[in-house]
Amino acid sequence: MAFSLPPLPYSTTALAANGMCQETLELHHGKHHNAYVTALNGLIEAKGLAGKSLEAICTEAGKAGADGLPVLNQAGQHYNHMLFWQVMQPGGGGDKLPGALAAKIDSDLGGLAAFKEAFKQAGVTQFGSGWAWLIIGADGKLKVTKTPNGANPISTGEGKPILGVDVWEHAYYLDFRNVRPNYLDNFLNKLVNWEVVADLIGKGGLASGQSA
Ligand SMILES: [Fe+2]
């Protein structure tokens, strides 16, 4: 067994009108994400990962601290990008959310506007590379958080991510140059697939279905 790069759920031209051009998707999915998968597969035997789920690998690597980083960098990034592709769609974003998701954001995070601002600030304030997240915390409530580099809320033990945005420069530099806040505004208002996010609440987060 080995990990594999899932195809995008849309074409590489599908998001161009919504702020993510064909070249960004070709490089980000076909080169960056693919490189994480290839590197992770190269670690399977040496690190004793055979047969383990991607989520278990992220959890164990996170608990191992600095010793786990070589595995977490690749396993985390594989998981993170799989979620990222799933939570976008052409013509997404905006303020029309499925009712159950909107109600939970209202009760747990003080409303959609407050959530969007918190999520954007998490992405803006993640120094250097990393991710901003909407997660289901251990108490079952939604929470906004951020992680550096290839880490994620599974590896930190914070909870199960249902929405994530990549704030590595490779995610936005072709489309937004150095202006990360505009990339985050665009993500929230033109790209997020709220139906998938709502569905992931019901499922308790993304199950990658992949094992080493
Ligand atoms: Fe990325």
Listed residue (ILE162, GLY209, PHE187) projecting farthest to the positive dipole end of segment 131-212, Cβ model: ILE162
If the cut-off is a Cα-Cα distance under 19 Å, which aspartates and glutamates reach LYS52, setting aside same-chain residues fewer than 8 apart in sequence? GLU60, ASP67
Normalised contact order of segment 1-42, rounded percent, pairs of Cα under 8 Å and 6 or more residues apart: 47
Which cross-chain or sequence-distant (5 or more) residues have an amide H under 5 Å from the amide H of MET88, H modelled 1.01 Å from N in plane? ASN193
Can you give me the long-range amide H partners of ILE162? Hydrogens built in the peptide plane at 1.01 Å from N, cutoff under 5 Å, separation of 5 or more residues or another chain. LEU134, ILE135, ILE136
Given a cut-off of 29 Å, name the pairs among LYS116/LYS160; LYS47/LYS116; LYS31/LYS96 whose C-alpha atoms lie farther apart than that in the structure shown. LYS47/LYS116; LYS31/LYS96
Which order results if ILE154, ILE135 are arranged by neighbouring Cβ count within 10 Å, fewest first? ILE135, ILE154
Work out the length of the dipole vector of segment 81-121 about its Cα centre, built from +1 on the beta-carbon of each Lys and Arg and -1 on the beta-carbon of each Asp and Glu, and round it to the nearest 20 debye. 100
Counting only C-alpha contacts under 8 Å and six or more residues apart, can you give the relative contact order of segment 20-207 as a whole percent? 27
Per-residue counts of other Cβ atoms within 10 Å, averaged by peptide: what ranking do you get for 192-203, 155-166, 106-117, highest first? 155-166, 192-203, 106-117
About the Cα centre, and with charges only on the beta carbon of Lys, Arg (+1) and Asp, Glu (-1), how big is the dipole of the chain? Nearest 20 debye, please. 120
Simple spin-label estimate for ASP67 and ASP106 in nanometres, 7 Å along Cα-Cβ: 4.9
Taking the convex hull of the alpha carbon atoms in the chain, what volume per residue do you get, in Å³? 105
What is the helix-to-structure angle for 54-63, meaning the angle in degrees between its Cα long axis and the longest Cα principal axis of the chain, kept from 0 to 90 and rounded to the nearest 10? 80
Computed FRET efficiency, Cβ-Cβ of ALA17 and GLN121, R0 30 Å: what is it to the nearest 0.05? 0.65
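The numbers here are math on the coordinates, done by the rules we state, and not lab data. Small disclaimer: the values here were computed from a predicted structure and weren't measured. A quick note on method: Cβ atoms are made from the backbone with ideal geometry, for glycine too, and the neighbour counts reach across all protein chains shown.
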